[in-house]
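First up is the structure itself, then whatever we jot down about it.
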Amino acid sequence: MHAQPYVSITALKGEETMSSVGFTLNGTVKEVDLSYLDKIYDQHPEMLETNKTDSERRELLRPFEITPTDGFVYDLRQTPIFQKAFTF
């Protein structure tokens, strides 16, 4: 993350690839202050269950922020495949 500050996240929703809708989000990423972990745990208390047995695990976590630059939506259920680009 330090050497290359760019990220691309892709996800699909569907049973199989060609019956799915997907998106890609591109942007830059940077590590943020560890104090953000408290905010993350407040908003997602289920994470406490994952980390409650190993106190060292929390010390290994590094919160980060993504600043989106652009993205795409794909509907693979259509022929031809629908694609729409957007920018932030």
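The values are calculated or read from the model by the stated rules, or taken from the named source; none is laboratory data. Note that the coordinates shown come from a computational prediction; the quantities given were computed from them, not determined experimentally. Here the Cβ positions follow ideal geometry from the backbone for every residue, glycine too, while neighbour counts run over all protein chains shown. Areas reflect the complete protein model, heavy atoms only, side chains present, ligands, DNA and RNA absent. Shrake-Rupley method; radii C 1.70, N 1.55, O 1.52, S 1.80 Å.
Things worth noting here:
- Across segment 1-16, the qualifying residues are those that are small (Gly, Ala, Ser) and either assigned to a strand (DSSP E or B) or open to solvent by less than 70 Å² (accessible area, probe 1.4 Å) (or both), and the one among them that is nearest to PRO68 (Cα to Cα) is SER8.
- Qualifying residue in segment 17-26 (condition: farther than 25 Å from LEU60 by Cα, out of contact with any strand residue (DSSP E or B) (no Cβ under 6 Å at 6 or more places or on another chain), of a type outside the set (Gly, Ala, Ser) and open to solvent by 50 Å² or more (accessible area, probe 1.4 Å)): yes
- If you go through segment 21-43 and pick out every residue that is outside any strand (DSSP E or B), out of contact with any helix residue (DSSP H, G or I) (no Cβ under 8 Å at 6 or more places or on another chain) and under 24 Å from THR69 (Cα atoms), you end up with 3.
- Residue match in segment 66-77 (condition: over 16 Å from the mean Cα position of the chain (by Cα), at pLDDT 85 or above and not in a strand (DSSP E or B)): yes
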